[in-house]
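Read the structure below first, then the notes.
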Amino acid sequence: WDMPGDFTEYYDLIEEPERYTEYDGSRVWNFIHQKICFQTDVDLEENEWKKDFNKAISGLHTSVSAHVVETMGLEEEAMVAEYKRRIRDIPDALENLVYAYYLQLCAIHKSQSRLSGCDYMGQKAAVQPLIKSVLEDAFLSEQCVENAERAMREHAMSSGALVWKARLRTRDLLGIMNCVQCNVCRLHGKVVALGVAVALSIILGMDGEGGDVERLHRIEVAALITTAGKFASAIKFCTEMERKLQAGV
């Protein structure tokens, strides 16, 4: 799992939030789903680890779509229609978003010592209470969250599983984000790509048995937490859209 470079630029994601920009990223997404996601023998029982990787990437895509739809400035009826087109009508999109969120939570739960000890670039006094509230949230230990991690590990350690191939594909995912021509889209795309890569590195490590959380770079810590927040807000938006659909909007 790749470490961030030494020459890193910093951006305030509050000042530059993830949003609709009119950029058409369909070619990038097609490349991700057709070239980076696994395509061969995914449905075979011994290749569940491939399916797990694909589900995580699908969940990432759903999160991006949710933030885009939410900020398009549409009237309620049009927003619900766009939500259906981009998310609800895509097979397993919602389920995969929840799955990807669970993986982030698993990784956060396993990284408690590193998250508690990080100095957050001199802002520990301000940040640590927020991190503590996250780490003490009972949902991190919910059975559904633990089951996601357990299943992924079992699949990754099964006979014939090649975890290193998933590791290489997370590098490809980070790389393809450089092809995004919209600056805001590229910024947030790289954050979530790194966040997912960090979660997988923590859960699986090099051989399926988990990674060393004490070696996490501060940028990886930031990406992990930020991506979990993005997935959570995407789930909140999708839940609201589902309520509107049930209400007949």
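Past the 20 angstrom mark, what percentage of all C-alpha to C-alpha distances in segment 53-116 do you count? Could the numbers behind the result be given before it?
Details: 788 of 2016 pairs.
Distances greater than 20 Å cover 39 percent of the Cα pairs.
Between rounded, prolate and oblate, where does segment 126-223 land on the alpha carbon gyration tensor, with a ≥ b ≥ c its root eigenvalues, rounded for a/c under 1.5, else prolate if a/b exceeds b/c?
Numbers: a/c = 2.00, a/b = 1.05, b/c = 1.90.
Because a/c hits 1.5 or more and a/b fails to exceed b/c, segment 126-223 counts as oblate.
In segment 17-71, what is the volume of the convex hull around the alpha carbon atoms, normalised per residue and reported in Å³?
Numbers: hull volume 4.2 nm³, N = 55.
For segment 17-71, the hull spanned by Cα atoms encloses 77 Å³ per residue.
Just to confirm a number: summing +1 for Lys and Arg and -1 for Asp and Glu over residues other than Gly189 whose beta-carbon lies under 12 angstrom from that of Gly189, what do you get? Each step should come with its number before you reach the end.
Numbers: positive: Arg186, Lys190, Lys230; negative: Glu18.
Spelling it out: positives minus negatives among the neighbours equals +2.
At 1.4 Å probe size, with the rest of the protein present, what percent of the exposed accessible area of the chain is carbon and sulfur atoms?
In the chain, the share of accessible area belonging to carbon and sulfur is 50 percent.
Looking only at Lys110, Lys50, Lys165, which one moves most when the chain is put into a Gaussian network model with springs between Cα atoms under 10 Å?
Looking only at Lys110, Lys50, Lys165, the biggest GNM fluctuation is shown by Lys165.
Under unit Cβ charges (Lys, Arg +1; Asp, Glu -1), what dipole magnitude, rounded to 20 debye, does segment 31-85 have relative to its Cα centre? Each step should come with its number before you reach the end.
Values: 6 positive and 11 negative charges, 46 e Å.
Roughly 220 debye for segment 31-85.
State in Å² the accessible area per residue of the chain; use a 1.4 Å probe, count heavy atoms of protein chains only, and round to the nearest integer.
Numbers: 13250 Å² over 249 residues.
Per-residue accessible area for the chain comes out at 53 Å².
Enumerate the whole-percent occupancy of each 10 Å bin, from 0 to the last occupied one, for all C-alpha pair distances of segment 1-131.
10, 27, 35, 23, 5
For n ≥ 4 DSSP H runs only, could you compute -39500 (n - 2.57) per run for the chain, divide by its residues and tell me the 222 nm figure to the nearest 500?
Working: 10 runs with 152 residues, N = 249.
The helix contribution divided over the chain gives -20000 deg cm²/dmol.
Using a Gaussian network model of the chain whose springs link C-alpha atoms within less than 10 Å, name the residue from Ala193, Ala151, Ala232 with the highest mean-square fluctuation.
Ala151
Can you put Tyr23, Tyr11, Tyr102 in order of accessible area, largest first, using a 1.4 Å probe? Can you show the working numbers first?
Working: Tyr23 75, Tyr11 130, Tyr102 45 Å².
Ranked from most to least accessible, the order is Tyr11, Tyr23, Tyr102.
Build a GNM of the chain with springs between Cα atoms under 10 Å: which of Ile131, Ile87, Ile14 gets the top mean-square fluctuation?
In this elastic network of the chain, the residue with the biggest mean-square fluctuation among Ile131, Ile87, Ile14 is Ile14.
Give a quick list of GluC sites (Glu not before Pro) in segment 11-101 that DSSP marks as loop, anything other than H, G, I, E or B, with at most 13 other Cβ atoms within 10 Å.
Numbers: sites: Glu15, Glu18, Glu22, Glu45, Glu46, Glu48, Glu70, Glu75, Glu76, Glu77, Glu82, Glu95; in loops: Glu15, Glu18, Glu22, Glu75.
In loop regions of segment 11-101 (DSSP not H, G, I, E or B), the sparsely surrounded GluC sites (Glu not before Pro) are Glu15, Glu22, Glu75.
Kindly flag which residue pairs out of Lys110/Lys132; Lys190/Lys230; Lys110/Lys190; Lys51/Lys165; Lys84/Lys244; Lys50/Lys190 have an alpha-carbon separation exceeding 19 Å in this structure. Show your work: numbers first, answer last.
Values: Lys110/Lys132 14 Å; Lys190/Lys230 13 Å; Lys110/Lys190 23 Å; Lys51/Lys165 13 Å; Lys84/Lys244 11 Å; Lys50/Lys190 22 Å.
Among Lys110/Lys132; Lys190/Lys230; Lys110/Lys190; Lys51/Lys165; Lys84/Lys244; Lys50/Lys190, the Cα-Cα distance tops 19 Å for Lys110/Lys190; Lys50/Lys190.
Classify segment 72-157 as rounded, prolate or oblate from the Cα gyration tensor: take a ≥ b ≥ c as the square roots of its eigenvalues, call it rounded if a/c is under 1.5, otherwise prolate when a/b beats b/c and oblate if not. Before the final figure, lay out the partial values.
Values: a/c = 3.05, a/b = 1.43, b/c = 2.13.
Because a/c hits 1.5 or more and a/b fails to exceed b/c, segment 72-157 counts as oblate.
The values are calculated or read from the model by the stated rules, or taken from the named source; none is laboratory data. All figures in this text were calculated on a predicted structure; none of them were measured in a lab. Cβ sites come from the backbone with ideal geometry, for glycine too, and all protein chains shown count toward neighbours. These area figures cover heavy atoms from the full protein model, side chains too; ligands, DNA and RNA do not enter into them. Shrake-Rupley method; radii C 1.70, N 1.55, O 1.52, S 1.80 Å.
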